[in-house]
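I have placed the structure first, in the form of structure tokens, so that the comments after it can refer back to it.
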Amino acid sequence: QVQLVESGGGLVQVGGSLRLSCAASRNIFSFNAMGWYRQVLGRPRESVAAITRGGSTNYADSVKGRFTISRDVAKKTVYLQMNSLKPEDTAVYYCNALEFSSNYWGLGTQVTVSS
């Protein structure tokens, strides 16, 4: 059983920064990819950023140039550095791990950007 635990969310002002962390219960190289999604109540969950086993990254157009996904394999942790935050970035952020046909999710961490 895989466990993903997010941390680092909170309340921040417009233009501020936060760094989210996702700690996995096992070696993150065992996953094909890991990523961050976000969801606003009443709207579909959307992909924000992802990093593959090989280290390739991709981002949603809405966060390109502001968010950076990275990882620390030794710590079994994936990060999401979020800069220049906007009110529309307010959401619950979820960590995701993809292993072949299996998807694993964390419980989420709330990010609120106040204006």
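The values are calculated or read from the model by the stated rules, or taken from the named source; none is laboratory data. Being a predicted model, the structure only gives us computed values, none of them experimental. Please note: Cβ atoms are built from the backbone with ideal geometry, for glycine as well, and neighbour counts cover all protein chains shown. The protein model used for the area step is the full one, side chains on, heavy atoms only, and it has no ligands, DNA or RNA in it. Shrake-Rupley method; radii C 1.70, N 1.55, O 1.52, S 1.80 Å.
Observations on the model:
- Of the residues making up the range 80-102, those that are surrounded by fewer than 19 Cβ atoms within 10 Å (Cβ to Cβ) and modelled with pLDDT of 95 or more are Q81, N83, S84, K86, P87, E88, T90, V92, L98.
- The criterion of at least 3 residues that are free of Cβ contacts under 8 Å to residues at least 60 places away in the same chain and open to solvent by 20 Å² or more (accessible area, probe 1.4 Å) is met by the following strands (runs of 3 or more DSSP E) wholly inside the range 1-69: 46-52, 57-59.
- Leading residue by the ranking (farthest from F100 (Cα to Cα)) among those in the range 4-60 that are among the aromatic types (F, W, Y) and at pLDDT 95 or above: Y59
- Residues in the range 16-54 that are over 12 Å from R71 (Cα atoms) and either touching a Lys or Arg at 6+ places or on another chain (Cβ under 8 Å) or among the β-branched types (V, I, T) (or both): S25, R26, F31, N32, Y37, R38, Q39, V40, R45, E46, V48.
- Among the residues making up the range 70-115, those that are hydrophobic (A, V, I, L, M, F, W, C) and in a strand (DSSP E or B) are V78, L80, M82, A91, V92, C95, A97, L98, W105, V111, V113.
- Tabulated pairs, the range 87-104, first farther than 21 Å from S25 by Cα, second modelled with pLDDT under 95 and open to solvent by 40 Å² or more (accessible area, probe 1.4 Å), C-beta under 7 angstrom, 6+ apart or interchain: P87/S115
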